[in-house]
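Report on the following structure.
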Amino acid sequence: MELRSLFSPNGTDYLNIFENMSEEVHIHELIRDEQDRVTDLIFKYINPASTLNSIISKEKIIGKRASEVYNSQECISTYLEAVDEIITTGKSKKFETYNELLNKHFSVSAFFLDGLFVTVGIDITKQKEAENQIKIQADILSHVRDAVIAVDGENRVTYWNKGAEELYGFEFEEIEGKIFADVVNYRWLNVDDKKNAYQRLKIIGKWHGKNISTKKNGEEIYVESSIHAFKDDNGNYIGTISIIHDLTEPVHIKQALEKNYNRLQEAQRIGHIGNWEWNIQNNVTTLSEGLYRIYGLDPDNLAKYETILNMILPEYQHIVNDNLEKALRERNSFKYEVGIRRRDGDIRIISCCGEVVTDFAGHPLKIICVEQDITERKEIEYALWEAKNELKSTVKRRTRELNETNERLQIELEERKITESKLKKSEKDLKALIEELKRSNEELQQFAYVSSHDLQEPLRTITSFTQLLERRYKDNLDSDADEFIEYIVEAAKRMQTLINDLLNYSRVATRGKEFELIDASKILETTISNLYAAIDENNAEINHENLPQIMADKRQMTQLFQNLIGNAIKFRKPEIPPKIHISAIENESKKEYTFSVQDNGIGIEKQYMERIFIIFQRLHTRDEYSGTGIGLAVSKKIVERHGGKIWVESEPNVRSTFYFTIPIKETSKKP
Ligand code: ADP
């Protein structure tokens, strides 16, 4: 069937219209399956405006299935859906579709005309691309941190990015369509600003400046706005786009800076620090509060730098000048200390250090300097210096003293060494002397023995001849001769006794027996029986305590007891009978027994207590008390041979106590 015949019945020449249309017109026949469902379209007509013409020839399209021509299922399905909807609703349908084959977007109007499916397409590819671009831009704008706000010709909000939401706290939905300036109370800082802004927007379409506005939470904020006004082709105002930047944060920073400045001031006050800055360009010097304080000036009454310079003590002025000049010349830092006289007359020491600040070319721009009052530090330093010096001199003195002591000690040591060597020598001498003494003692012993022994013989001859003389010539000679002969006999007898005593004395050493374990009680018994006659005659009373067993020479011990007890009886007081007490005590630490023989006799004067132990020393005449003065000397010799000592304690006319010690040998036995 001819297309033309299809459209002719109502008399309208559609084909002629289609042929001249700028829109793309396609006419299709429907293909249905067994269930009468539309499955594809067959091209019946395309007008000259159709883009398909530029790809495929008309002959190759007409009569072909749309699925074949487009080679796209999606494209077909969009069309088939439209067919279904149009059949169902009985109305035409408008939709947008993308044609992959043509790489174009179309806005399509579809309807049925005489049973044929007609599509009228407009190429909207450009419009789509623009829309996409806008979307991307909007997306970018939404991510800008500043607020981006668009209003229309009546100042109603048409765009409101995330930045705007964050800045003002309003969601886009809340503010869309509302008058922006009213909602956020957007206003200028002053009337002039406002006038200026309106004028600039009107003439050049731009304005940049500061404004005040209010957030949703009522907080007032400072903002910086860049406003762009738009006009249509006819020059009518159609709206603005504003970029609004929050200035509140910089205000905070300013506050923080102020706080820091205050802290710096405080730190300067505490640290006695101040600073000044000399702007060389305009010759203006700025002084910090701390500097006023250091110089004792009132910060409220601004002083010139010269005031401060004049307070520097004259002798330090040149230091300041020299240092600053040198720093300026060499463009580097400086450091010096000066003395100042404060307003109150107080002299202080100030440490100054600073540097010259230059531009890129090296020209000096300014000098900055920090000054610190270091008077206390200097005082401490001085005190430390003094203390150090004192310490030094103390150490010096002590070292000197120590050296002196050392020297003295050295001398003492030397002296001691000499003394020691002398001592050693005298010890040696002493030893030699002892040896000598021993030898001479032995010689003496030998002499005593030999002489007493050898003297006996001639003495005996003298005695016997004198006795013979006495017998034969007694009464034949005159009375004087008889008396003389008697004297000779007496003297010879006495000499005999003396020689015997001497012999006994020397025999203590030479005729001593080996020590044996003997019972001191037994010795005492023997002694008492030997002295029986004297005891009886004097009516003496003898008592004793338990006596120990000792290692001793039995005969000599008997002689010792006999001498002591004999004396105790002999040197009695005539008016009372002798009472004698014998005892022995053990001295464990000294490992010895101390024997004592106590009497109630005439006693001994203190000055004689040593003398009586010397041979032949007596305190009485023979007429008073018989004896030769050998007894105690022999006793001493016996005790010493046994390794002991003998001494006497006495109260004259009351008692005498003779003590002697005998060492405890292993074989000695306790009583
Ligand atoms: P003698 O008995 O032969 O005189 P001794 O040597 O025994 O010699 O004593 C010396 C002197 O010590 C004695 O002459 C006497 O003066 C004094 N003497 C000794 N024993 C006693 C005593 N028990 N009491 C007082 N005097 C004593």
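The values are calculated or read from the model by the stated rules, or taken from the named source; none is laboratory data. Note that the structure is predicted; figures quoted are calculated from it, not measured. Here the Cβ is made from the backbone with ideal geometry for all residues, glycine too, and neighbour counts use every protein chain on show. With ligands, DNA and RNA removed, areas are computed over all heavy atoms of the protein, side chains included. Shrake-Rupley method; radii C 1.70, N 1.55, O 1.52, S 1.80 Å.
Worth pointing out:
- Summed side-chain charge close to residue 192 - residues other than residue 192 whose Cβ falls under 14 Å, Lys, Arg +1, Asp, Glu -1: +4
- Accessible surface of region 379-454 [probe 1.4 Å, protein heavy atoms]: carbon and sulfur percent: 59
- Over the chain: helical MRE at 222 nm, DSSP H runs n ≥ 4 each giving -39500 (n - 2.57), nearest 500: -15500 deg cm²/dmol
- List 298, 623, ordered by accessible area with a 1.4 Å probe, largest first: 623, 298
- For region 3-124, with all protein chains in place and a probe radius of 1.4 Å, 47% of the accessible heavy-atom surface sits on carbon or sulfur.
- Heavy-atom accessible area per residue - region 232-373, 1.4 Å, Å²: 62
- Proximal lysines to residue 162, defined as alpha-carbon separation beneath 20 angstrom and excluding residues fewer than eight positions away on the same chain: 135, 178, 215, 216
- Region 603-671 and region 346-408 have Cα centres lying 89 Å from one another.
- The angle between the Cα long axis of helix 554-570 and the longest principal axis of the Cα atoms of the chain comes to about 70 degrees, rounded to the nearest 10.
- Computed from the C-beta positions of residue 30 and residue 103 and an R0 of 35 Å, the FRET efficiency is 0.85 to the nearest 0.05.
- Region 477-552 and region 139-167 have Cα centres spaced 154 Å apart.
- Over region 379-454: Rg over Rh, Cα atoms, Kirkwood Rh: 1.72
- Per residue, in Å², the accessible surface of region 115-177 once ligands and nucleic acids are set aside, probe 1.4 Å: 58
- Our summary of shape: the Cα atoms of region 134-290 have principal axis extents of 69, 34, 31 Å, ordered from largest down, in whole angstrom.
- 13 Å beta-carbon shell around residue 359, net charge (K/R +1, D/E -1): +2
- Under 19 Å of direct C-alpha separation, and excluding same-chain neighbours fewer than eight residues apart, residue 522 reaches these lysines: 513, 554, 665, 669, 670.
- Average accessible area per residue (Å²) across region 513-663 - probe 1.4 Å, nucleic acids and ligands excluded: 53
- Across all directions, the average projected area of the convex hull around the alpha carbons of region 253-373 is 8.3 nm².
- Computed P(r) (all Cα pairs; region 513-663; 10 Å bins; percent): 11, 43, 37, 9, 0
- Separation in nanometres of the label points that stand 7 Å from Cα toward Cβ, at residue 473 and residue 357: 15.5
- With the convex hull drawn over the C-alpha atoms of the chain, the volume per residue is 663 Å³.
- Anisotropy class of region 41-96 from Cα gyration tensor, a/c 1.5 cut: prolate
- Mean separation of Cα pairs under 8 Å and 6 or more residues apart, divided by the residue count, gives the chain a relative contact order of 5 percent.
- Rounded, prolate or oblate (a/c below 1.5 giving rounded, otherwise prolate when a/b exceeds b/c) for region 153-212 by Cα gyration tensor: prolate
- Pairs beyond 22 Å (Cα-Cα), from 493/637; 606/645; 335/366; 254/335; 195/231; 570/636: 493/637; 254/335
- Heavy-atom accessible surface of region 493-606: percent carbon and sulfur, 1.4 Å: 46
- Degrees, to the nearest 10: 248-270 long Cα axis against longest axis of the chain: 20
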